[in-house]
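The values are calculated or read from the model by the stated rules, or taken from the named source; none is laboratory data. Given the structure is predicted, the values throughout are model-derived calculations rather than measurements. Here the Cβ positions follow ideal geometry from the backbone for every residue, glycine too, while neighbour counts run over all protein chains shown. Heavy atoms of the whole protein, side chains included, go into the accessibility calculation; ligands, DNA and RNA do not. Shrake-Rupley method; radii C 1.70, N 1.55, O 1.52, S 1.80 Å.
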Amino acid sequence: MASNGSNVGCGVAGKAHVRIEDAFARLKEGGGKALVTFVTAGDPDMETSREIILTLERAGADMVELGVPFSDPMADGPTIQAASERALKSGTTLKKVLRLVGDVRRDSRIPIILFGYYNPIFRYGLERFARDAKLAGVDGLLVVDLPPEEAGELKGCADDAGLDLIYLVTPTSDENRMRLITSRASGFIYYISVPGVTGARSKLAGSIPASIEKVRRYTDLPICVGFGISTPLQASTVAKWADGVVVGSAIIKVIEANLGSNGLVKKVGNFVGSLRRGMDG
Amino acid sequence: MGERDKGTGFSRLPDRNGHFGIYGGRYISETLMPAVLELERAYKRFKNERSFKEELKWYLREYVGRPTPLYFAGRLSDKIGGARIYLKREDLCHTGAHKINNTIGQALLAVRMGKKRVIAETGAGQHGVATATVAAHFGLECEIYMGTEDMERQKPNIFRMKLLGARVNPVSSGSCTLKDAMNEALRDWVTNVFGTFYIIGTVAGPHPYPMMVRDFQSVIGREVRRQIREMVGRLPDYLVACVGGGSNAVGLFHPFLRDGKVKMVGVEAAGLGLRSGRHAASICGGSVGVLHGSKTYLLQDRYGQVKDTHSISAGLDYPGVGPEHCYLHDSGRVEYRAVTDKEAIDAFSKLSLYEGIIPAMESSHAVAYAMKLAGSLSKDKVVIINLSGRGDKDMNTAAKVMGVKI
């Protein structure tokens, strides 16, 4: 049992994980910023999820964060809570999420990061999960309730399998936390713009640029900012400071508003397109 | 292993990262990490400070009403005709349950840390009332999260909390019970982390809560040790306590862990029966998982989704259990059993009839198991039950089950 967060190898031969790195390198060359889009896998069902992910890419998303639904999403606000409930109701399991990623991989090379809570992964078995995720075409993991102190075992398995383990930095992170987190992180740093749960907010926190500069003192990894970014204007503002912008609940709201409608996927595409144009314009 | 040595290691846990063997830890979002680290530092600093210890002692005596009696339940013992049964009367604490031992301690910490606002989750409402009580006394803003299912079961406690100046927030997500209230309290904490102190009511949650709440509740076991020695001249043969999250049980057990001859039983809620799938017995019927900040025995499906639980007692209706209990179970130091709703109600009635003491539905689970146990033991044996709370709050539930309209 690794209790101090040290890396414990799982003996899976790793392959280079480059899709995330490539994406940021390409964007840097062209002077663009990453649009990272979040949707919950299986919301409202697996087939629609697959179409949504492919549409996200066509609409200009650079990466997809794919939410793995959990019965007790403690870090999520009402919008993503409801998405998790819909996904669980449609029978989504971690195994099916990996199958979904495999399906998407036949048509797309967009980097995919699984975003979720630790218990479903723990139940699946860390080593088996890391191996299966890599085989399915997952690029990175972000486990909300797994701070570096508890992440040693999963980090070892992820490293061996060639998956990035992405960590959060938050407005509460002091220098000690930033040093610890950045020393363990790979892929990119996810900076949470406000203390709180996921969800749209009417105003951006004024502290974002200063916080990003602070994080940059500790790492050369790209920094993406998320939580509370919901409009093209907010996305374009944050894109000036950060290497990438994460939009989640605002996309889920479009899904929620169009449940049962034939236009669901198209509406999601339109919205993500408007975010892209906001960031590029 | 010598009798006295058996379990010496237990009293040294958790380790520095809050682990009890493989259990416990800090499985929380990064936003909360600085807050739990700050709390841990503050707790370590103040718990040994003379003024803190003196003030806590004063409050436990003058405000809570400690020490609570250790009462020889002679009539109940006679009726059963086995071991002598003693009741640790935590039901006589101010607010009617052991919960206030912990909320007083955490409130004293909150004040020293300069926090002006406290939040808490509650199931049966006892922890909510105990939190609202100390918040009123210390002039702190107080918000309580409670599942709507539990609000229905525990109406009188909601009014008590409001009377004490707390805001009670109904939680209607998931199963609308204790675990969902805890989810919502964690969401509040992560949002208002800078000025808010989260008073967790049981030995669960991220480190340092399981350790800190245990320490505050251990006053129960320390008193029992002294009292039973005075009364019978020796330590007891059995300690019995109900286990939801497990704070009253750990509070009773912990000061005895090194006494190898003292056997201990934690009693979980078997609801409609362990095989029915409708229960809340995490140790007896669960598997290892991670919820609300610690690795623990958890009621979950094979995909790691947390299951809905059932118990007649709202305070035991929780899918996880304190990490220290998981460790004590695996090590064999404490035995864990489960008692059904029906058995608990039977014990609830019997203790009321034989001793004139109406126990909380939670505590009735311990009473039910202890009655079975005492019947199988000889008259020279001593069994101590932690009567963790009084039953006034359960009148509606009990009447409904008994088919009485009140």
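Each row is one residue, and each column tells you yes or no for (1) assigned to a strand (DSSP E or B); (2) more than 15 Å from the chain's Cα centre (by Cα); (3) of a type in the set (A, V, I, L, M).
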| site | (1), (2), (3) |
| --- | --- |
| A:GLU65 | yes, no, no |
| A:PRO69 | no, no, no |
| A:ALA87 | no, yes, yes |
| A:VAL97 | no, no, yes |
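Among residues of segment A:107-122 being over 19 Å from B:GLY24 (Cβ atoms) and either of a type in the set (D, E, K, R) or without any contact (Cβ under 8 Å) to a residue 12 or more places away in the chain (or both), the one that is farthest from the other protein chains (Cβ to nearest Cβ) is A:ARG109. Number of residues in segment A:179-210 that are more than 11 Å from chain B (Cβ to nearest Cβ) and in contact with a Pro (Cβ under 6 Å, 6 or more places away or on another chain) equals 2. Note on segment A:1-45: residues that are among the aliphatic types (A, V, I, L, M), touching a helix residue (DSSP H, G or I) at 6+ places or on another chain (Cβ under 6 Å) and modelled with pLDDT under 95 total 3. Applying the criterion of being within 20 Å of A:ILE112 (Cβ to Cβ) and in a helix (DSSP H, G or I) to the residues of segment A:71-85, the residue that is nearest to the other protein chains (Cβ to nearest Cβ) is A:SER84.
A quick yes/no check of all residues on (1) over 22 Å from B:ASN396 (Cβ atoms); (2) open to solvent by 10 Å² or more (accessible area, probe 1.4 Å):
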site	(1), (2)
B:LEU87	yes, no
B:GLY96	no, no
B:THR103	yes, no
B:LEU109	yes, no
B:VAL118	yes, no
B:GLY123	no, no
B:ALA130	no, no
B:LEU140	yes, yes
B:GLU143	yes, yes
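The set of residues in segment A:135-178 that are at the interface with chain B (Cβ under 9 Å from one of its Cβ atoms), assigned to a helix (DSSP H, G or I) and of a type in the set (D, E, K, R) comprises A:GLU149, A:GLU150, A:ARG177.
Within segment B:177-255, considering only helices (runs of 4 or more DSSP H) that don't extend past its boundaries, which have at least 3 residues that are within 14 Å of chain A (Cβ to nearest Cβ) and over 18 Å from B:GLY25 (Cα atoms)?
Qualifying helices (runs of 4 or more DSSP H): B:178-191.
For A:THR92, the test of being buried (at least 24 other Cβ atoms within 10 Å of the Cβ) and either at pLDDT below 95 or within 13 Å of another protein chain (Cβ to nearest Cβ) (or both) is passed. Filtering segment A:95-106 to residues that are out of contact with any Ser or Thr (no Cβ under 7 Å at 6 or more places or on another chain) and either at the interface with another protein chain (Cβ under 10 Å from one of its Cβ atoms) or open to solvent by less than 20 Å² (accessible area, probe 1.4 Å) (or both) leaves A:LYS95, A:LYS96, A:VAL97, A:LEU98, A:VAL101, A:VAL104. When A:LEU168 is tested against the conditions (1) touching a helix residue (DSSP H, G or I) at 6+ places or on another chain (Cβ under 7 Å); (2) within 30 Å of A:LYS134 (Cα to Cα); (3) open to solvent by 20 Å² or more (accessible area, probe 1.4 Å), the lone failure is (3). Among the residues of segment B:284-305, the one identified as surrounded by fewer than 24 Cβ atoms within 10 Å (Cβ to Cβ) and of a type in the set (Val, Ile, Thr) is B:VAL288.
For segment A:194-216, the count of residues that are over 21 Å from A:GLY77 (Cβ atoms), buried (at least 18 other Cβ atoms within 10 Å of the Cβ) and touching an Asp or Glu at 6+ places or on another chain (Cβ under 7 Å) is zero.
Taking every residue in segment B:242-255 that is more than 13 Å from B:ASN101 (Cα to Cα) and pairing it with any residue that is basic (Lys, Arg) and open to solvent by less than 10 Å² (accessible area, probe 1.4 Å), at least 6 positions away or on another chain, yields no pair with a Cβ-Cβ distance below 6 Å. If the condition is being open to solvent by less than 60 Å² (accessible area, probe 1.4 Å) and among the aromatic types (Phe, Trp, Tyr), then segment B:41-74 contributes B:TYR43, B:PHE46, B:PHE52, B:TYR59.
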